[in-house]
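Okay, structure first, notes after.
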Amino acid sequence: MGLLRRHGPIGTACALAAGAVLVAFLLLIIVLLAEARPVVDAGFLVDAPSRFAARAGVGPALAGTLWIAFLTAAVAFPTGLGTAIFLEEYAPRTRLTGAIESAIANLAGVPSVVYGVVGLALFARGLGLGASIVAGSLTLAALALPTVIVVSASAIRAVPKGLRVAAHGLGATKWQVIRHQILPAAAPGVLTGCCLAFTRAMGEAAPLLVIGAAAFVTFAPGAPGDPLTSLPTQIFAWTARSQEDFSALAAGACVALLVVLLAMNLVALAVRHRLRGGKR
Amino acid sequence: MTIRPNAGMKRLGLAALAFGLFGCPGGAGGPGALVVVDGSSSLYALSEAVAEEFTDEFPQYRVAVRFSGSGGGLRRFCDGEIDIAAASRTMTSAEAARCRETGRDYVAIPVARDGIVIVTHPANTAVSCLSLAELRQLWRPGSEVTTWRDLRPALPAERIRLFGPGTASGTYDYFTTVVMGRPGASRADHYQTEDDHLIARGVAGNRWALGYFGSAGYAPSRDRLRVLAIDTGFGCVGPTPTALGDGSYSPLTRDLYIYVGRKSVLQDHVYNFALHYVSASERLASEIGYASLPAAEYARSRMLLAGARRGYP
């Protein structure tokens, strides 16, 4: 009741919605942990999968996901940011750039399986990369790229015009303006967007399954050319099994995946905080 | 394939990266050597068990197992992408031609025997045996059987939900060949997947469902499925280990193979893995849901491998 008096009816509804989201998130974690408890032990994060649920772990899948996160970001971030800078700062405003922009915006909505098929044809078969970690990473980079571009471009566009004009007025070159004024101002927005794009890509199983993720890998991948394995595909392989114990393993792998994604978000948050602090 | 992390790798272009990492098929077979097995989902449970045992015994080697179906695995095998293909049927002449084209010389090694198991929901007790003719009527291309009553007038008029292996599966090829007389002849208006677990789940979740797959797909879900016997004219026979062993569950009994490249056998890790596959199959086949082959067959398989290792044709 205090809530209603303080925030009014609409404010209260919004507060309840926020509360529901929090409760849903906590429930998700609690259910997963409860589900995972019977089979998850100390070795779960390093052990290889096994046909005996008690021995199985997510070691290879976790290592695969970390590899993929690194490679995907290493490819998609510079490419996406570069494209966004070009479109916003260098490209002339013609019908062609307009068409390119709307094409990119549309690509951001293409279902992930479609990227899997493209990745299979282009990276796995075309470049001869096979069903490897790089092939999967390049596919996920392609999946994340449109979102990275769209978000970065809109963050760059949102930088106040006065900032540019003033910097130019003081004699800064175009690149100096971009490097020292626009990018720092746009960085928080760019980071938020990239973080969303990458965490979504990390959670994808479908495109990796299309490329041919291995169902059973006995070792943690140590190089980009090693067979493709990841937490989402491991979760898929385990949930498809009919034995109960493997559902528990899948729940454990879900928790591991959530932790990885949360860690990625936290890193982005920390970086963003530092960037903001630097400006003040 | 041996891959050594290389500090200068990052600077290389994409194509060079691809070459640097993948341009060395085979490798020396030393520590860290990788064996990739792909193919039949009917053999997946066995391959998985063998891979696990193998890495327990040889921790220096690494194994990855995929299942893209017998057809998918054999194609990758002929293209030289993988060392070992698991197949629930022998190679077709088209596949053999492809292997000849790419210069892929191989040995085919029988490792276990399994039956194609026809399953229904456990609550569906109205039917316990199907004749081969009924199977044909149910699964033929363009079949008009949609309810159990269409199949046999005494059965309820409930819609049959059908689950079966996908077209890349050797089980699909084998089933259509022996039941319909022509590989690939099947109705297509049903749920198809290369993943046996999904077939088991589908049938276990639908009271009036029917599905078929290799017996290893059935083993982990035996509590949730009901197996139908098959009548080929000599009475109803179920896919029991005895029936699989003596061939009375005919014609739905078949041998399962691994295909090993002759050049790959020259590498220690592939040779050891293939040998291990044979001996582990002899020990584990019945535990995982297959039937073992006669001991003489396994002895012959070992000789085939040893011969290939020495370069005998």
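The values are calculated or read from the model by the stated rules, or taken from the named source; none is laboratory data. This structure is a prediction, so every number in the text was calculated from the model and none was measured. With ideal geometry, Cβ positions are generated from the backbone for all residues, glycine too; neighbour counts draw on all protein chains shown.
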Tell me which residues, restricted to region A:108-139, are in a helix (DSSP H, G or I), modelled with pLDDT under 90 and either more than 14 Å from residue A:207 (Cα to Cα) or not small (Gly, Ala, Ser) (or both). A:125, A:126
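Yes or no, residue by residue, for (1) in contact (Cβ under 8 Å) with a residue 40 or more places away in the chain; (2) farther than 21 Å from residue B:112 by Cα:
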residue	(1), (2)
B:233	yes, yes
B:237	no, no
B:241	yes, no
B:274	yes, no
B:279	no, no
B:290	yes, no
Please enumerate the residues belonging to region A:206-227 that are away from chain B (no Cβ under 13 Å) and surrounded by fewer than 23 Cβ atoms within 10 Å (Cβ to Cβ). A:206
Looking at region B:29-44, which of its residues are in contact with an Asp or Glu (Cβ under 8 Å, 6 or more places away or on another chain), within 10 Å of another protein chain (Cβ to nearest Cβ) and more than 13 Å from residue B:258 (Cβ to Cβ)? B:34, B:41
Against the definition (at pLDDT 90 or above and more than 30 Å from residue B:33 (Cα to Cα)), how does residue A:205 come out, yes or no? no
Go over the candidates A:25, A:52 one by one and state the one that is modelled with pLDDT under 90, loosely packed, with under 15 Cβ neighbours inside 10 Å, out of contact with any Lys or Arg (no Cβ under 7 Å at 6 or more places or on another chain) and not assigned by TED's automatic domain parsing to the domain that holds residue A:226. A:25
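Scan region B:60-69 for residues that are more than 9 Å from chain A (Cβ to nearest Cβ) and farther than 19 Å from residue A:125 by Cα and jot them down. Write out each step before concluding.
First pass over region B:60-69, keeping only residues more than 9 Å from chain A (Cβ to nearest Cβ): B:60, B:69.
Residue satisfying the conditions is B:60 alone.
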Within region A:241-257, residues farther than 24 Å from residue A:69 by Cβ and out of contact with any Phe, Trp or Tyr (no Cβ under 8 Å at 6 or more places or on another chain) come out as A:241, A:242, A:243, A:244, A:245, A:248
Hey, residue A:143 buried (at least 21 other Cβ atoms within 10 Å of the Cβ) and touching a Lys or Arg at 6+ places or on another chain (Cβ under 9 Å) or not: yes
In the list A:113, A:58, which residue meets the criterion of being in the same structural domain as residue A:181 (by TED's automatic domain parsing) and more than 18 Å from the chain's Cα centre (by Cα)? A:58
Within region B:172-185, can you find the residues that are in a helix (DSSP H, G or I) and more than 20 Å from residue A:209 (Cβ to Cβ)? B:173, B:174, B:175, B:176, B:177, B:178, B:179, B:180
Going through (1) buried (at least 22 other Cβ atoms within 10 Å of the Cβ); (2) out of contact with any Pro (no Cβ under 6 Å at 6 or more places or on another chain) one by one, residue B:145 fails only at (1)
Among residues of region B:40-73 being without any contact (Cβ under 8 Å) to a residue 60 or more places away in the chain and charged (D, E, K, R), the residue farthest from residue B:285 (Cα to Cα) is B:62
Selection count, region A:44-64, where residues are of a type in the set (D, E, K, R) and at the interface with chain B (Cβ under 10 Å from one of its Cβ atoms): 2
Only one of these conditions is not met by residue A:72: (1) without any contact (Cβ under 8 Å) to a residue 40 or more places away in the chain; (2) polar (S, T, N, Q); (3) assigned to a helix (DSSP H, G or I). Which number is it? (1)
Are any residues in region B:200-217 more than 10 Å from chain A (Cβ to nearest Cβ) and closer than 23 Å to residue B:145 by Cβ, and if so, which ones? B:202, B:203, B:205, B:206, B:207, B:208, B:209, B:210, B:211, B:212, B:213
If we scan region B:161-182, do we find a residue that is modelled with pLDDT of 90 or more and farther than 30 Å from residue B:91 by Cβ? yes
The lone exception for residue B:148 - which of (1) modelled with pLDDT of 90 or more; (2) farther than 16 Å from residue B:210 by Cα; (3) touching an Asp or Glu at 6+ places or on another chain (Cβ under 6 Å) it fails: (2)
Given the condition more than 14 Å from chain B (Cβ to nearest Cβ) and modelled with pLDDT of 90 or more, answer yes or no: does some residue in region A:232-246 qualify? yes
Here are B:11, B:89: which of them is within 21 Å of residue B:305 (Cβ to Cβ) and at pLDDT below 90? B:89
Look through B:88, B:93 and report the one residue that is away from chain A (no Cβ under 14 Å) and surrounded by fewer than 18 Cβ atoms within 10 Å (Cβ to Cβ). B:93
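To keep it simple, each residue is scored yes or no on (1) in contact with a Ser or Thr (Cβ under 7 Å, 6 or more places away or on another chain); (2) surrounded by fewer than 19 Cβ atoms within 10 Å (Cβ to Cβ); (3) under 12 Å from residue B:163 (Cβ atoms).
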site	(1), (2), (3)
B:191	no, yes, yes
B:204	yes, no, yes
B:207	no, yes, no
B:214	yes, no, no
B:220	yes, no, no
B:245	no, yes, no
B:263	no, yes, no
So which residues in region B:269-312 are farther than 21 Å from residue B:57 by Cβ, within 17 Å of the chain's Cα centre (by Cα) and among the charged types (D, E, K, R)? none
The one condition in (1) in contact (Cβ under 8 Å) with a residue 24 or more places away in the chain; (2) under 21 Å from residue A:74 (Cα atoms); (3) surrounded by fewer than 16 Cβ atoms within 10 Å (Cβ to Cβ) that residue A:243 fails to fulfil: (2)
Helices (runs of 4 or more DSSP H) enclosed by region B:186-261 - at least 3 residues per element that are closer than 26 Å to residue A:212 by Cβ: B:196-204, B:215-218
Boolean, residue B:49 is modelled with pLDDT of 85 or more and either surrounded by fewer than 19 Cβ atoms within 10 Å (Cβ to Cβ) or at the interface with another protein chain (Cβ under 10 Å from one of its Cβ atoms) (or both): yes
